[in-house]
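The next block holds one structure in the form of structure tokens; read it before the comments.
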Amino acid sequence: HSPLNSLPGSGWQLDDPSTVEIKPADGSPAFEANRYVIRNGSQAQLLIYWYQGRGRAVASEYWDKVYTVLDSIRLRRSDGAMVRALVPVGRSEAEAMETAARFAGQVAPHLPPYVPE
């Protein structure tokens, strides 16, 4: 389920929504991911997440659902995952963003064995 539903229920406030381009370290095509700064009391973290499965990575949960329905008909598969990276906001949000995007880019090429293409 979407962090947009679960995080506020756990006391987190989602701020500064946007998308960010993730560039996989292996040179495969870049993709968009969602970006939020989440806060709970004095804690702040930068959240990046996307939906991955059946050979694609998308930021939109609505497009992910559309692709799931189409792929379940066409491929008889509906497997997939929501992938997220959380980085504490230390000195600056920009530094946290750079760290999270770099981490996501390093991790993305290693996901296919766990989230089949």
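Using θ = phi - 60° and the Karplus relation 6.51 cos²θ - 1.76 cosθ + 1.60, list the HN-Hα couplings for the range 66-74 in order, rounded to whole Hz, with x at every Gly or Pro.
Result, rounded to whole Hz: 4, 4, 4, 5, 4, 5, 5, 7, 6.
May I ask you to evaluate 6.51 cos²θ - 1.76 cosθ + 1.60, the Karplus curve with θ = phi - 60°, for each residue of the range 80-90 and list the ³J(HN,Hα) values in order in whole Hz, giving x for glycine and proline?
Rounded to whole hertz, the list is x, 8, 9, 10, 9, 10, 10, 10, x, 7, x.
Over the alpha-carbon set of the chain, work out the extent along each principal axis and list the three values in angstrom, largest first.
Computed over the Cα atoms, the extents are 47, 33, 21 Å.
For the chain, which span is the longest to avoid every loop-located (per DSSP) member of trypsin sites (Lys or Arg not before Pro) having at most 16 other Cβ atoms inside 10 Å?
The segment 1-75 is the longest one with no such site.
Name the residues whose placed amide hydrogens come within less than 5 Å of the amide hydrogen of Val89, ignoring near sequence neighbours (fewer than 5 apart) on the same chain.
Ala44, Gln45, Leu46
Using the Cα centre of the range 25-79 as origin and beta-carbon charges of +1 (Lys, Arg) and -1 (Asp, Glu), tell me which of Val69, Leu47, Pro29 is placed farthest towards the positive end of the dipole.
Checking the options against the dipole of the range 25-79, the answer is Val69.
How many Å² of accessible area per residue for the chain, probe 1.4 Å?
60 Å²
If you place +1 on the Cβ of every Lys and Arg and -1 on the Cβ of every Asp and Glu, how big does the dipole about the Cα centre of the chain come out, in debye to the nearest 20?
Dipole about the Cα centre, nearest 20: 320 debye.
Read phi for every residue in the range 5-19 and hand back ³J(HN,Hα) as whole Hz from Karplus 6.51 cos²θ - 1.76 cosθ + 1.60, θ = phi - 60°, with x for Gly and Pro.
9, 7, 5, x, x, 9, x, 8, 9, 9, 10, 6, x, 6, 10
Using a 1.4 Å probe on the protein heavy atoms, what percent of the accessible area of the range 5-117 belongs to carbon and sulfur?
Heavy-atom surface of the range 5-117 belonging to carbon and sulfur, 1.4 Å probe: 52 percent.
Quick one, can you get me the convex hull of the C-alpha atoms of the range 1-44 expressed as volume per residue in Å³?
For the range 1-44, the hull spanned by Cα atoms encloses 90 Å³ per residue.
Work out Dmax and Rg for the range 41-104 from the C-alpha atoms and quote the Rg first, both in angstrom.
15.3, 48
The values are calculated or read from the model by the stated rules, or taken from the named source; none is laboratory data. Predicted, not measured: the structure shown is a model, and the values here were computed from it. Glycine also receives a Cβ, built like all others from the backbone with ideal geometry; neighbour counts cover every protein chain displayed. Side chains included, ligands, DNA and RNA excluded: accessible areas come from the protein's heavy atoms. Shrake-Rupley method; radii C 1.70, N 1.55, O 1.52, S 1.80 Å.
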